[in-house]
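Below: one structure, written as structure tokens.
Derivation of every value follows stated rules applied to the coordinates shown; laboratory data play no part. Please read all numbers here as calculations on a predicted model, not as lab measurements. Heads up, the Cβs are rebuilt from the backbone with ideal geometry, glycines too, and the neighbour counts pull from every protein chain shown.
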Number of protein chains: 2
Amino acid sequence: MPPLTAARHRVVVLGAGFGGLAAVTALRDVDADVTVVDKRNYHLFQPLLYQVATAGLSPADIAAPIRSILARQANARVVLAKIEGIDKVRRIVETDGGEIAYDTLVVATGARHAYFGNDQWERHAPGLKKIEDATAIRRRLLLAFERAETCGDAARRRALLTFVVIGGGPTGVEMAGAIAELARKALARDFRTIDPRDARIVLIEAGPRLLAAFPAALSGAARQALERLGVEVRTGQPVSACDAEGVAVGDERIATRCVVWAAGVAASPAARWLAAEKDRAGRVVVGADLTLPGHPEILVVGDTAAIRQAGGAPVPGIAPAAKQAGLFAAAVIAARLAGRPAPPAFVYRHAGDLATIGRGAAVAGFGRLQLRGATAWWLWGLAHVWFLIGFRNRLAVMTDWLWSYLTYQRGARLITGDIET
Amino acid sequence: MPPLTAARHRVVVLGAGFGGLAAVTALRDVDADVTVVDKRNYHLFQPLLYQVATAGLSPADIAAPIRSILARQANARVVLAKIEGIDKVRRIVETDGGEIAYDTLVVATGARHAYFGNDQWERHAPGLKKIEDATAIRRRLLLAFERAETCGDAARRRALLTFVVIGGGPTGVEMAGAIAELARKALARDFRTIDPRDARIVLIEAGPRLLAAFPAALSGAARQALERLGVEVRTGQPVSACDAEGVAVGDERIATRCVVWAAGVAASPAARWLAAEKDRAGRVVVGADLTLPGHPEILVVGDTAAIRQAGGAPVPGIAPAAKQAGLFAAAVIAARLAGRPAPPAFVYRHAGDLATIGRGAAVAGFGRLQLRGATAWWLWGLAHVWFLIGFRNRLAVMTDWLWSYLTYQRGARLITGDIET
């Protein structure tokens, strides 16, 4: 890799998700060379990934090239490379494209799904973190209806038209609602042998209620809205098996060919790269100022770090929390370079909770203000379009949503990739 | 597969491209059950596929689900299946999902690329027929710039920034122009080590001129427009080798890591399925009324059929020609079912030639009327948006184009799929 031209302070940011990108852009006016390393060439707006999985949006609607976002930031450089390790002594990041030296390192490599010791479930219950995950789930969903249409066996047809979502957090709630709308509205008139409206959609949550991080009243409202859409909601029931034929929950086996995993996340391999202490979810244990103990030159942000709030509760794994941590890391770096005292501790400010269930149905909580129904839904739409990166993506998403709103159709109903799988 | 409910005349159409879909929709009011079989769930607007390959449009912008298109046509049924054979005696289509019986068969399975006996070139010079082809070429194009950015070796960097398009028909001309605009405009500010504007783009045509099917004056205009964009145009020079290191043309070897094949098409395996006579390009030889000799119940349309015009010239392999043949096949079937005499011979009506080179540059020929430059470009844009299937796709494409026109940016610059390849 060619050396940087100047001998300035070198900040290397690993990962261009919400946390990493917030750190890079906040360092815009700092006298340092900032290099962001990601194995993808785009920043992904993960909160809308479930809409790609359910054929509402195209991948490009929710992804923006990292290079475009940073094109006008003169002190920023983008490297497309896969991280292979970190040498804390030599202060080097090892990648598949060579070594990158740092003076300060920000680790923001995010999270993947976790199967709580049942990794063999992944084949049958794919999770939703990457664009490829979303197009693979879209393929499974749409193929299930196609296969049911030409299936002569009633039991097999029933299994093909059964969809199970595991995990009752925001992603699970949004997926279950979107699958129900796909079956009951968008596909309703398109088949001749089957009626897609007969599809059975089951949402399974091991804990006592949906949206465990939200106020309890909103959990109830979300459950009601899902049941109105015809989703079977099962709480307090962990999944005990998951294979090619279906899932087992409690004493029952549900025959299905399409399971979506939305139950758990585990941090990226950052703790291994850093040979650092990690919590049960694999997140790196950091100090109050987000630095690695004994290594003030290494900061860890977003889903990769185990961060506690004042009361001891963990900071949630959501985009606003990652952004705040990224901005905090940039503030620490900027203060150090300016010779000012760095802020001593990261304080997370919870802006609110938002989850959508379907057309005109969402729940939102902002402290004592709790909204549900159409008001929450419009708010959810505005907030997501507002936070989408790039004018073009906002325009593209609004076009797609307006079209879907007016016609009940979905704009990205493509079965792409290897059709055999 | 469940049997059809009625014992009506069964028309089976193989392929939902321009020819097949035109035949199906024209049979809307005919007293027959129409089944369309395709291995994809969408109709693809192939003329704009090169814009997916060059990051301007998303796949869903140029594809519409076959089921949506036909949702309101009560006598039409859609089957997602891969065709494995045709039994002309039993009048059965064999698919991976079972057998489908027909009384009348319309074969419209299109074409794939041909490498003229050099099939080993395909690995290094992918063609452009499917959505997966387009996203694979997009990945190659964008990865070449990414790898050049971090490449320390000058010769290798030069090869990474060299792009070769083989074939000077409309697809080759449009690809070369779009790659040049991508490098010179959309990517211009986004890199730090390389300058994408230095990219070398070479368009190679074995014949004496570009756009051989167009009037000669328009070939010259297209060449000039490409050269203004910095494309090296080489005519009268066939490619003699193509491997991982580059291509050989005449006495020269051009080192490149990204080659796009736009030189030839070959028909689908329809001639093999039908055990029928075929021409050199693999197309089924049909009678003047598009029926298979000795089998009036089998009609072959579009790129799958070898059709001659009155003067002996072949009917070109373009969308309007496929549509006209599909409509003719439907007219033959409708006349037979109504007991009227069927039209005796298909007559192709050439509407004109259109190809775009880049922003404000296109060529168009309609008989004696020849246009070039901005007028032809606007006409090209209007014509393509007009013929796009579905209101939503028109809206999405116009949004993307408007954004690109105003900003010079590209909306779908995603490197997706397996990043190692």
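Shielding value for B:405-417 is 6, the average number of Cβ atoms from other chains within 10 Å of each residue's Cβ.
The amide H of A:Arg359, built 1.01 Å from its N in the peptide plane, has no neighbour under 5 Å, considering only residues 5 or more places off or on other chains. Extending 7 Å from Cα along the Cβ direction at B:Ser240 and again at A:Glu252 yields two label points whose distance is 7.2 nm.
Take A:Trp386, push a point 7 Å out from Cα through the beta-carbon direction, and compare it with the same point in every other copy: 4.3 nm, smallest first. Run through the range B:313-421 and list the trypsin sites (Lys or Arg not before Pro) located in a DSSP loop whose Cβ has at most 10 other Cβ atoms within 10 Å. Hits after loop and neighbour filter: B:Arg349, B:Arg368.
Cβ-Cβ distance of B:Ala310 and B:Thr375, R₀ of 45 Å, FRET efficiency by 1/(1 + (r/R0)^6): the value works out to about 0.90.
Under a 5 Å amide H cut-off, with hydrogens placed 1.01 Å from N, A:Ala241 pairs with A:Ala248 among residues at least 5 apart or on other chains.
Beta bridges assigned by DSSP with both partners in the protein assembly as shown are antiparallel in approximately 50 percent of cases. In the protein assembly as shown, helical runs assigned H by DSSP with n ≥ 4 each contribute -39500 (n - 2.57); averaged across all residues and rounded to the nearest 500, the mean residue ellipticity at 222 nm is -9000 deg cm²/dmol.
Across the identical copies, the label point of A:Asp87 (7 Å from Cα in the Cβ direction) is separated from its matches by 6.8 nm, in order from shortest. Couplings for the range B:87-102, taken from phi via the Karplus curve 6.51 cos²θ - 1.76 cosθ + 1.60 with θ = phi - 60°, read 9, 5, 6, 7, 6, 10, 9, 8, 10, 6, x, x, 8, 10, 8, 10 Hz in order; Gly and Pro are left as x.
Note on A:63-69: average number of Cβ atoms from other chains within 10 Å of each residue's Cβ is 6.
Each copy carries a label point for B:Ala281 at 7 Å from Cα along the beta-carbon vector; from one copy to the others these points are 5.8 nm apart, nearest first. Here's the list of aspartates and glutamates a cross-link from A:Lys39 could span, going by alpha-carbon distance under 18 Å and ignoring same-chain residues fewer than 8 apart: A:Glu84, A:Glu94, A:Asp96, A:Glu99, A:Glu132, A:Asp133, A:Asp303, B:Glu146, B:Glu149, B:Asp190, B:Asp418, B:Glu420. Counting other Cβ atoms within 10 Å as a rough exposure proxy, the listed residues B:Val106, A:Val37 run A:Val37, B:Val106 from fewest neighbours to most. Relative to the longest principal Cα axis of chain A, at what angle does helix A:319-337 sit, 0 to 90 degrees, rounded to 10? Once rounded, the angle reads 0 degrees. Computed from point charges on the beta carbon alone (+1 for Lys and Arg, -1 for Asp and Glu), the dipole magnitude for the range A:280-421 about its Cα centre is near 400 Debye. Where in the range A:203-225 does the amide nitrogen come within less than 13 Å of the point 7 Å from the Cα of A:Asn118, taken along Cα to Cβ? So the set is A:204-207. Taking amide H as placed 1.01 Å from N in the peptide plane, B:Val106 has its amide H under 5 Å from the amide H of B:Val12, B:Val13, B:Leu14, B:Leu299, each at least 5 places away in sequence or on another chain. Listed from fewest to most Cβ neighbours within 10 Å, the set B:Asp153, B:Asp33 follows the order B:Asp153, B:Asp33. Hey, how many Å between the Cα centroid of the range A:1-64 and the Cα centroid of the range B:282-304? Rounded to whole Å, the Cα centres lie 55 Å apart. Taking a ≥ b ≥ c as the square roots of the eigenvalues of the Cα gyration tensor of the protein assembly as shown, is the shape rounded (a/c under 1.5), prolate (a/b larger than b/c) or oblate? Judged from the Cα gyration tensor, the protein assembly as shown comes out oblate (a/c at least 1.5, b/c at or above a/b). Taken one residue at a time, the phi angles of the range B:303-312 give Karplus couplings (6.51, -1.76, 1.60, θ = phi - 60°) of 5, 7, 10, 8, 10, 10, 7, 3, x, x Hz. Gly and Pro are set to x. The convex hull built on the alpha-carbon positions of the range A:119-263 has an orientation-averaged projected area of 8.5 nm². Ordering B:Met398, A:Met175 from the fewest to the most neighbouring beta carbons within 10 Å gives B:Met398, A:Met175.
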